Amino acid sequence: MVENLAIVDLGSNSARMAITEIAPDGRFREIRRVKENTRLSEGMGREKMLQEDAIERTIVALKRFKKIYQEIPNIKVRAITTAAVRQARNRQEFLNRVQREVGIRLQVLSGKKEAYYDYLGVIRTLRLNHCLILDVGGASCELVLVQQRKARDLISIPVGAVNLSEQFRLNGYVRSADLFRAQVAMNERLTKIPWLRYATRVPIVLLGGANRTLARMTQSYHHRHRRNNSIHGYQLSSRVVFATYRELLNRNLAQRKRMAGLEPERADIIIGGMLPLITLLQRNSDGRVIFSESGVREGIITEYVRQRKRHHE
C-alpha cells in the first residue's frame, strides 16, 4: 500500500510543505511542494521573543498547508520547526497555540539534529566523499564536515539571514562600517569552531534559502538560455560568488529588488544571508561551491523509510 508523508518545515524565514509518496518497496517521490514566506523570526531582537504579526502569518500558512494535506489519502504528517522557535523565549506558548488553532504538533529540532538531517539529505543525492555542508537559514547556520561520506563533526550556530541583517543593518544600502562589523563578528564565530581547520581544502555544499537565491541569481545571469529550474549539483567558483556579492553591495534595496533571480521579498536579507558563505570562502582554498536541493526534509524521509524497512523486516 502506498503511504503519503507530509513534512511541514517551519523555518525562520519561510514555511514549506513537501508531500512525498512512499511505495511499499521504500522508493519515494515528491508529489506536491508548497512554500509561504512567513518570516517567523522577524523582529525577535535580543529579547528572543516571537512577534505577534509573525505568529499570525505563520498560523495562516499552516492552516493553508493543512487544507492541502487533509485531501490526501493515507497521509502521515511530520511537522518540524527550527532555529526561530528553538531560540524563542515564548516558544511553549507558540507551540501550544499552533496545536490549539491548527491541530499540528510541532517538533522543535535541535541544531545538531537539523545538521544531521542536512547531512543525510545531501549524502543520499550527491556523490561526494569529502565536503563541508553549509545550511544558512533565517536564524541559524548548520555546518557539517563530511569525510569518507561520514559526518565527522557538526554544529549549529545561532546566526542566519534574518538576524544578521537586522543586527548589523545589512537590509538597505550597506555602509562599509556595518559590513566590517558583521564580517568581524562572523569570523570570530567561525574561529571558535576548532574542526573547521580540517575543512579548508574541500568543496562547500550549500543549502538553505539564501544559498538557493545565490544559485538562481548566477544562473539567470550566466545562463539566460537555461530553462532548467533545478539547482541540484550546480557548481560555482568562489570568484563568481564574490563578484555576485559585490553586485549586491553596490545597490540599495530598491535596486536589489529588480535583480534577476532574486525574489524581491529576500532582497533585504540576502547580504546577511550570504555572509557566512563569504566568510568561509575566504578561509577555503578549494574555491568550489556545489548547491544541493536535498536537505532536512529529504533527510527526514530517508530516516523514515529506513525505520519503516526495519519495522517490516
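The values are calculated or read from the model by the stated rules, or taken from the named source; none is laboratory data. As the structure is a computational prediction, the values presented were derived from the model and not from experiment. Positions of Cβ are generated from backbone atoms using ideal geometry, with glycine treated the same way; all protein chains shown enter the neighbour counts. All accessible areas refer to the heavy atoms of the entire protein, side chains included, with ligands and DNA or RNA removed. Shrake-Rupley method; radii C 1.70, N 1.55, O 1.52, S 1.80 Å.
Within the stretch 34-46, being open to solvent by 50 Å² or more (accessible area, probe 1.4 Å) and either in contact (Cβ under 8 Å) with a residue 60 or more places away in the chain or out of contact with any Lys or Arg (no Cβ under 7 Å at 6 or more places or on another chain) (or both) holds for Asn37, Glu42, Arg46.
Looking at Val98, Val2, can you tell me which residue is among the hydrophobic types (A, V, I, L, M, F, W, C), open to solvent by 10 Å² or more (accessible area, probe 1.4 Å) and farther than 23 Å from Val144 by Cβ? Quick ask: steps written out before the conclusion?
Numbers: Val98 fails: open to solvent by 10 Å² or more (accessible area, probe 1.4 Å).
Sole residue among the options that is among the hydrophobic types (A, V, I, L, M, F, W, C), open to solvent by 10 Å² or more (accessible area, probe 1.4 Å) and farther than 23 Å from Val144 by Cβ: Val2.
Can you find even one residue in the stretch 138-148 that is open to solvent by 10 Å² or more (accessible area, probe 1.4 Å) and of a type in the set (D, E, K, R)? Let's see the steps before the verdict.
First pass over the stretch 138-148, keeping only residues open to solvent by 10 Å² or more (accessible area, probe 1.4 Å): 147-148.
Pick out the ones that are also of a type in the set (D, E, K, R) and you get none.
Among the residues of the stretch 138-148, not one is open to solvent by 10 Å² or more (accessible area, probe 1.4 Å) and of a type in the set (D, E, K, R), which makes the answer no.
Restricting attention to the stretch 60-77, the residues that are surrounded by fewer than 17 Cβ atoms within 10 Å (Cβ to Cβ) and touching a residue at least 40 places away in the same chain (Cβ under 8 Å) add up to 6. From the list Ala177, Ala151, Ala182, Ala215, the one residue that fits, being open to solvent by 10 Å² or more (accessible area, probe 1.4 Å), in a helix (DSSP H, G or I) and at pLDDT 95 or above, is Ala177.
Residues checked against (1) acidic (Asp, Glu); (2) part of a helix (DSSP H, G or I); (3) within 19 Å of Gly160 (Cα to Cα); (4) modelled with pLDDT under 95:
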position: Ala54; (1), (2), (3), (4): no, yes, yes, no
position: Val60; (1), (2), (3), (4): no, yes, no, no
position: Lys63; (1), (2), (3), (4): no, yes, no, no
position: Lys66; (1), (2), (3), (4): no, yes, no, no
position: Phe94; (1), (2), (3), (4): no, yes, no, no
position: Glu101; (1), (2), (3), (4): yes, yes, no, no
position: Glu114; (1), (2), (3), (4): yes, yes, yes, no
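Mind listing whichever residues of the stretch 8-29 are surrounded by 14 or more Cβ atoms within 10 Å (Cβ to Cβ), in contact with a Ser or Thr (Cβ under 8 Å, 6 or more places away or on another chain) and part of a strand (DSSP E or B)? Full working, then the answer.
Start the filter on the stretch 8-29 by keeping residues that are surrounded by 14 or more Cβ atoms within 10 Å (Cβ to Cβ), which leaves 8-22, 28.
Right, trim to in contact with a Ser or Thr (Cβ under 8 Å, 6 or more places away or on another chain) and you get 9-15, 28.
Within the stretch 8-29, Asp9, Leu10, Ser14, Ala15, Phe28 qualify.
Are any of the residues in the stretch 262-279 farther than 24 Å from Thr38 by Cα and modelled with pLDDT of 95 or more? Within the stretch 262-279, one or more residues are farther than 24 Å from Thr38 by Cα and modelled with pLDDT of 95 or more. Residues that are touching a strand residue (DSSP E or B) at 6+ places or on another chain (Cβ under 7 Å) and outside any helix (DSSP H, G or I) were ranked within the stretch 154-174; the one that is surrounded by the most Cβ atoms within 10 Å (Cβ to Cβ) is Gly160.
With respect to the stated conditions, Gly272 fails to be in a loop (DSSP other than H, G, I, E, B), touching a residue at least 12 places away in the same chain (Cβ under 8 Å) and closer than 20 Å to Asp135 by Cβ. If only residues of the stretch 185-209 that are more than 28 Å from Pro264 (Cα to Cα) and in a loop (DSSP other than H, G, I, E, B) are counted, the one that is most open to solvent (accessible area, probe 1.4 Å) is Arg201. The one condition from (1) over 30 Å from Glu3 (Cα atoms); (2) open to solvent by less than 20 Å² (accessible area, probe 1.4 Å); (3) not basic (Lys, Arg) that Thr302 does not meet is (1).
Rundown of residues vs (1) under 19 Å from Ala254 (Cα atoms); (2) in contact (Cβ under 8 Å) with a residue 24 or more places away in the chain; (3) not small (Gly, Ala, Ser), yes/no style:
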site	(1), (2), (3)
Pro158	no, yes, yes
Glu166	yes, yes, yes
Val174	yes, yes, yes
Ala182	no, yes, no
Asn187	no, yes, yes
Trp195	no, yes, yes
Gly208	no, yes, no
